[in-house]
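Heads up: the structure comes next, in structure tokens.
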Amino acid sequence: MVTSTSTPVETGYPWPIETTRLNNGLRVVVSEDRSAPVVCVNLWYDVGSRHEPEGQTGFAHLFEHLMFEGSVHVQKTEHMRLVQGNGGSLNATTNPDRTNYFETMPSEHLELAIWLEADRMGGLVPALTQETLDNQREVVKNERRQRYDNVPYGDAWLRLLPLLYPPGHPYHHATIGSMEDLNAAGLETFRAFHRQYYAPNNAVLTVVGDTSAAEVFALADKYFGALEPVPDIPPAPNGHLTGPAEHPARQTVTGKVPAPRIYLSHRTHPFGSAGYDTVTVLATVLGSGRGSRLYQRLADGARIAQPDYVGAYGVDLAHAPAPLIITATAKDGVDAATLEAGLAEVVDGLATEPVTEAELERAKALLTTSWWRQLSTVGGRADTLGRYATQFGDPASAGYRLPGWQAVTAGDIADVAAQTLQPSSRVTLTYLPGDHS
């Protein structure tokens, strides 16, 4: 085991961070915190929907389900039973950039959690059956119906992505994927996908809480150390885009929605860049809470938007210019054209009407609170460190995020708004009430 350690950094992250890399390439990150007898074990795999080749969309998300369906030494549903039966909680998530699996446990069961993760990394494929695959495909189809297809405005993200990113770009399709692709692929295709990406040299194991680096490093070596690395893991398809789109795009959907809703979206800067730090502050000024510009001017002022359905947010994608999404739902009697004009007026005004010092301070205070709330739990801290280790190569670089937001000026916001929020690069998605879509 090759070991390197780092001391606490002076960039806004006050907890100790120690790291190692096993001989098979698994990176291990530990942040000791003895304040409560709890640990979080979080495993990030550098595979998400952006890695899926043509014809295999939805694979990364399907494996989020399959990884709970048994492995060589763990029977179907037993992973969940073992964690919950020992006082823990667990879950997994998938997005375009990664998949992660995590358990929060009483610290006396740290070894169990690490063993469970190692067993399904190395032992899922031999245990994967056609019956399990077919069952989980149906679960994913039902999830799509419940979350996207049968919910008012539920398919907005599925529609926005192909408008924002061109065909062939790894962000062109949503994580839920194509049901046709999932149906068409055979068992061996899924096994090959797992063998390719679910490897120790494509993962980061992060443990935060009531333990020591020495204990975690030893357990990681004990249970993960014998797993073979995968040579030549293919990179994600080419995602090189620079800045905003060259042309506007527009789509209108008529269907079973209670009121008109508008989404305006722009490609901006990649997550992790100084430009995206500015976008994050900009989005907070624009759309976070009752003090935001959108709320003040469209919900409280002009009264054309429903107060609970107006906002702006960035989507933290790291490998291409990430989208900023601005949205509002019309009040009774307000048509879509009026709502869109109001939204556009507020967004376009960012480049010409400087953000005030009060707006800037409010946005930074909200972001600071959100940041420390994320880091206040062992689960949130483990996920953050795993993210920065996976996406930027160094968990300690998480410490630069909050200072990056705090350094943003009103001039930065005006510059980024002028560069990235032009009507000429805008994606507009409109939902209208009606009988069909």
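The table for this structure:
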{"read-out": "Options ARG290, ARG297; residue that is assigned by TED's automatic domain parsing to the domain that holds VAL427 and surrounded by fewer than 17 Cβ atoms within 10 Å (Cβ to Cβ)", "value": "ARG290"}
{"read-out": "Matching residues in the range 192-217 - criterion: being under 29 Å from LEU133 (Cβ atoms) and among the aromatic types (Phe, Trp, Tyr)", "value": "PHE193, TYR197, TYR198"}
{"read-out": "Odd one out for GLY168, checked against (1) small (Gly, Ala, Ser); (2) within 30 Å of HIS247 (Cα to Cα); (3) outside any loop (DSSP other than H, G, I, E, B)", "value": "(3)"}
{"read-out": "Residue ID - farthest from the chain's Cα centre (by Cα), chosen from residues in the range 58-105 that are among the hydroxyl-bearing types (Ser, Thr, Tyr) and buried (at least 22 other Cβ atoms within 10 Å of the Cβ)", "value": "SER71"}
{"read-out": "Strands (runs of 3 or more DSSP E) wholly inside the range 18-69 that include at least 1 residues being under 28 Å from LEU375 (Cβ atoms) and charged (D, E, K, R)", "value": "18-21, 27-32"}
{"read-out": "Unique residue being assigned by TED's automatic domain parsing to the domain that holds VAL208, of a type in the set (Val, Ile, Thr) and over 30 Å from ARG267 (Cα atoms) when the list is THR129, THR94", "value": "THR129"}
{"read-out": "In the range 128-173, residue nearest to PRO260 (Cα to Cα) [restricted to those that are loosely packed, with under 15 Cβ neighbours inside 10 Å and in contact with a helix residue (DSSP H, G or I) (Cβ under 7 Å, 6 or more places away or on another chain)]", "value": "VAL139"}
{"read-out": "Residues of the range 241-269 classified as surrounded by fewer than 20 Cβ atoms within 10 Å (Cβ to Cβ) and either in a strand (DSSP E or B) or among the acidic types (Asp, Glu) (or both), total", "value": "8"}
{"read-out": "Scope the range 143-165; condition small (Gly, Ala, Ser) and not in a helix (DSSP H, G or I); matching residues", "value": "GLY154"}
{"read-out": "Residue within the range 370-387 that is closer than 15 Å to ALA283 by Cα and touching a helix residue (DSSP H, G or I) at 6+ places or on another chain (Cβ under 7 Å) present", "value": "no"}
{"read-out": "Count - residues of the range 139-188 that are touching a residue at least 60 places away in the same chain (Cβ under 8 Å), among the β-branched types (Val, Ile, Thr) and closer than 25 Å to TYR313 by Cβ", "value": "2"}
{"read-out": "Residue within the range 184-201 that is surrounded by fewer than 21 Cβ atoms within 10 Å (Cβ to Cβ), of a type in the set (Asp, Glu) and over 22 Å from THR99 (Cβ atoms) present", "value": "no"}
{"read-out": "Number of the exception - ALA236 against (1) at pLDDT below 95; (2) touching a Ser or Thr at 6+ places or on another chain (Cβ under 7 Å); (3) under 30 Å from VAL28 (Cα atoms)", "value": "(2)"}
{"read-out": "Complete set of residues in the range 114-132 that are in contact with a Phe, Trp or Tyr (Cβ under 8 Å, 6 or more places away or on another chain) and farther than 22 Å from ALA220 by Cα", "value": "LEU128"}
{"read-out": "Qualifying position, being more than 24 Å from LEU22 (Cβ to Cβ) and either of a type outside the set (Phe, Trp, Tyr) or touching a strand residue (DSSP E or B) at 6+ places or on another chain (Cβ under 6 Å) (or both), among THR206, THR242, THR211", "value": "THR242"}
{"read-out": "Sole exception among (1) out of contact with any strand residue (DSSP E or B) (no Cβ under 8 Å at 6 or more places or on another chain); (2) in the same structural domain as PHE63 (by TED's automatic domain parsing); (3) among the hydrophobic types (A, V, I, L, M, F, W, C) for ILE233, by number", "value": "(2)"}
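Residues checked against (1) closer than 27 Å to GLU345 by Cα; (2) over 26 Å from the mean Cα position of the chain (by Cα):
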{"site": "LEU205", "(1), (2)": "no, no"}
{"site": "THR211", "(1), (2)": "no, yes"}
{"site": "PHE217", "(1), (2)": "no, yes"}
{"site": "PRO229", "(1), (2)": "no, no"}
{"site": "ALA236", "(1), (2)": "no, no"}
{"site": "ALA245", "(1), (2)": "yes, no"}
{"site": "PRO248", "(1), (2)": "yes, no"}
{"site": "GLY255", "(1), (2)": "yes, yes"}
{"site": "SER265", "(1), (2)": "yes, no"}
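The values are calculated or read from the model by the stated rules, or taken from the named source; none is laboratory data. Since the structure is predicted, the reported quantities are computational estimates derived from the model, not experimental observations. Positions of Cβ are backbone-derived with ideal geometry, glycine not excepted, and every protein chain shown enters the neighbour counts.
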